[in-house]
Amino acid sequence: MPEIKWLGHASFLLRSESGVTLVMDPYDDTIGYPLPYPTADIVTTSHDHRDHGYVAGVRGNPQVIRTPGEHRVKGIRILGIPTHHDERGGKQRGPNVIYVVDMDGVTICHLGDLGHPLKKEQVGQIGAVDVLMVPVGGVYTIDARQAAELVRQVGPRLVLPMHYQTPALSFPLAPVDDFFRALGLKKPVPLPGLTVRREALPAEMQVVLLDYR
């Protein structure tokens with residue numbers, strides 16, 4: 001029964017039933033969001049850019065995961081899948097790592113700064129996903145239309161959009177509204193956080209908007 005909190009941009013805090021905490025893609029103080037400085041046992045970074053790899057901002061001497069492959073920390077399985085930050089094989093912005101996290105029987109996938117459509121074999125590596133964290137703001141990642149298509153490919157039960165324009169962000173991205181239009185959905189009221197119960201997952205895909213404040 002993982003608890004999920006959006007810290008802003010592409011950063012999330014996950015907490016397991018046993019209290020193990022995982023911070024994904026921590027950012028520094030140059031991007032506009034207030035630094036949450038959470039304490040964590042584990043940190044994952046999709047790449048080393050300042051808005052995704054500020055490990056120094058996380059307290060608690062966490063174990064840091066930066067690479068593809070299978071990792072196991074404090075009973076949490078984390079699979080890193082190599083991808084790219086652009087559509088030119090990483091030549092423009094470098095590599096990106098997708099992370100698939102198994103926590104309390106729930107599978108959570110964080111796409112990082114994915115900059116290209118996924119190949120069939122990459123979708124296969126991700127496998128069945130309960131919660132998908134997907135960038136939707138374009139400019140530096142896939143855009144709203146590409147994100148909507150990717151969501152249909154992966155087929156998660158819950159979708160958490162990230163990496164889009166908010167009043168806090170100091171550089172321009174597209175708003176999250178474009179993503180909802182691409183899916184043909186009405187924009188929901190943001191929630192302060194989310195507790196994912198395996199037995200309570202929706203039968204059909206649902207997009208959940210989280211509030212960073």
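The values are calculated or read from the model by the stated rules, or taken from the named source; none is laboratory data. As the structure is a prediction and not an experimental result, all values here were calculated from the model. When we count neighbours, we look across all protein chains shown, and the Cβ atoms used for this are built from the backbone with ideal geometry, even at glycine.
Tell me, which residue of the range 181-201 that is farther than 18 Å from Trp6 by Cα and touching a residue at least 12 places away in the same chain (Cβ under 8 Å) is surrounded by the most Cβ atoms within 10 Å (Cβ to Cβ)?
The qualifying residue surrounded by the most Cβ atoms within 10 Å (Cβ to Cβ) is Leu183.
Any chance you could count how many residues in the range 39-50 are buried (at least 20 other Cβ atoms within 10 Å of the Cβ) and touching a Ser or Thr at 6+ places or on another chain (Cβ under 8 Å)?
2
So is Ser18 buried (at least 23 other Cβ atoms within 10 Å of the Cβ), hydroxyl-bearing (Ser, Thr, Tyr), assigned to a loop (DSSP other than H, G, I, E, B) and modelled with pLDDT under 95 or not?
no
Within the group Met162, Met205, which residue is of a type in the set (A, V, I, L, M) and crowded, with 20+ Cβ neighbours inside 10 Å?
Only one candidate passes the filter, namely Met162.
Here are some conditions: (1) touching a residue at least 40 places away in the same chain (Cβ under 8 Å); (2) of a type outside the set (A, V, I, L, M, F, W, C); (3) surrounded by fewer than 13 Cβ atoms within 10 Å (Cβ to Cβ). Pro156 meets all but one. Which one does it not meet?
Every condition holds for Pro156 apart from (3).
To keep it simple, each residue is scored yes or no on (1) touching a residue at least 40 places away in the same chain (Cβ under 8 Å); (2) not in a loop (DSSP other than H, G, I, E, B).
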{"site": "Gly124", "(1), (2)": "no, yes"}
{"site": "Val129", "(1), (2)": "no, no"}
{"site": "Met133", "(1), (2)": "yes, yes"}
{"site": "Arg145", "(1), (2)": "no, yes"}
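Identify all residues within the range 103-122 that are in a helix (DSSP H, G or I) and either closer than 24 Å to Pro26 by Cα or touching a strand residue (DSSP E or B) at 6+ places or on another chain (Cβ under 7 Å) (or both); write none if there are none.
If the condition is that a residue be in a helix (DSSP H, G or I) and either closer than 24 Å to Pro26 by Cα or touching a strand residue (DSSP E or B) at 6+ places or on another chain (Cβ under 7 Å) (or both), then Gln122 is the only one that fits.
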